[in-house]
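One structure below.
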């Protein structure tokens, strides 16, 4: 009694696997998120170059954009290479803008001699500037009181 039942289960499993393999080979009408068939390699997207002039801020309190590449910068819990130029102790020698004093305040508002831990990861607020097209429609109007 067990043998016919086992044979039936194996037959069913085999037919499901073979049928599934046949279905997986057909990609008619299936496209990737980039709009090309899944079995084709999409063309690489255009790379937008870093802009070196400073962009204007569009609203009060907007964090400044970064006018240089940060691709090779180490910013993690052990090191922050931004501080090698922008910390108040180095900025004058390097000709770089200094950090705002708000970066040296802890959560209670106490002034520190070093950057606050809450401001350690610069790229949470500051991003490299690039003249790239908008990804989605945007009707933003800059503030008149920048």
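Derivation of every value follows stated rules applied to the coordinates shown; laboratory data play no part. As the structure is a prediction and not an experimental result, all values here were calculated from the model. All Cβ positions, even for glycine, are placed from backbone atoms using ideal geometry, and neighbour counts span all protein chains on display.
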Spin-label point model (7 Å from Cα, Cβ direction): what's the residue 58 to residue 81 distance in nm? 2.8 nm
Hydrodynamic calc, region 48-146: Kirkwood Rh from Cα pairs, then Stokes-Einstein at 10 °C with viscosity 1.306 mPa s, so D in µm² s⁻¹ is 103 µm²/s
Efficiency by 1/(1 + (r/R0)^6): what FRET value for residue 91 and residue 131, r their Cβ-Cβ distance, R0 = 22 Å, to the nearest 0.05? 0.25
